Amino acid sequence: MKSSLNIARCGVAIVTLFFFTACSSNKNDIAAAGKKVPPVRKWKPSPPAIQVNEQGTLTFPDYELTLYGAFAFQPENNGSSLVGTEKGKQYIVLDLGVQNTSEYESVDMGSILLSAKVTDEKGNVYPANPLAVAAYQMAYPDQNQKTEYKAMKGKIKPGRYYRATAFGFEAPVSIKSFVITLNHNGDFRDEGYAQRAKFSVD
């Protein structure tokens with residue numbers, strides 16, 4: 001009986017030793033190839049809300065997003081324009097900057113912005129409206145803005161920074177204060193890792 005128990009213990013010790021030896025060998029192989037061993041990132045829950053007025057930075061594990069300001073406008077010939085707003089409403093666009101702070105991971109900013117949610121003080125939701133950004137680009141043509149916007153709508157590589165008017169929506173002219181909610185990975189169902197920023201328009 002004791003002999004069988006000793007054999008079992010030896011077996012467990014051999015398997016454990018093999019596991020740690022294999023892990024160590026794998027790290028050594030990565031180091032020998034001249035590559036960095038990716039660090040283990042520990043996610044820290046975000047605060048329930050970050051209070052900002054017109055500007056502020058939201059920090060996530062792989063990127064930082066800065067809200068530089070919000071701009072409200074109505075297109076020229078609003079009533080007959082193809083990108084016009086409904087009566088009594090205006091477009092609001094956000095001036096955003098994104099820095100990928102990760103060493104290894106790309107950030108799918110397109111998905112993150114697509115899942116962003118804007119609400120007013122009463123909880124009314126204002127979905128993203130691509131016409132808002134299109135109308136802004138028509139009213140204020142800028143090639144650099146278009147280039148930065150295109151880059152921000154895709155996957156941002158590690159270390160890259162872009163700034164553009166990259167998010168817009170339509171809201172009543174009478175509403176001036178809003179909150180935007182962003183999730184760290186673009187999954188709108190995973191609000192436990194979301195951060196919020198307040199902003200207002202004149």
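Structure notes:
- Neighbourhood charge, 13 Å Cβ-Cβ cut-off, centred on TYR149 and excluding it, Lys, Arg +1 and Asp, Glu -1: +1
- Part-to-part distance (alpha-carbon centres) for the stretch 103-118 and the stretch 137-173, which is given in Å: 13
- Shown in residue order for the stretch 102-109 are the 3J(HN,Hα) couplings computed by the Karplus curve 6.51 cos²θ - 1.76 cosθ + 1.60 at θ = phi - 60°: 7, 8, 10, 9, 7, 10, 7, 5 Hz (x for Gly and Pro).
- A straight chain from ASN124 to TYR161 at 0.36 nm per residue would run longer than the Cα-Cα distance by 10.1 nm.
- Multiplying the residue separation of ALA134 and LYS176 by 0.36 nm and removing their Cα-Cα distance gives an extension gain of 13.0 nm.
- Computed from the C-beta positions of THR101 and GLU76 and an R0 of 41 Å, the FRET efficiency is 0.55 to the nearest 0.05.
- Across all directions, the average projected area of the convex hull around the alpha carbons of the stretch 56-200 is 8.4 nm².
- Residues with amide H under 5 Å from that of SER102, placed H, sequence gap 5 or more: GLY159
- Using the Cβ-Cβ distance between THR59 and GLU86 with R0 set to 35 Å, the FRET efficiency from 1/(1 + (r/R0)^6) comes to roughly 0.45.
Values quoted throughout were computed directly from the atomic coordinates according to the rules given, and no laboratory measurement underlies them. Predicted model, so just to flag it, every value in this text is computed and none were measured. So basically every Cβ, Gly included, is an ideal-geometry build from the backbone, and we count neighbours across all protein chains shown.
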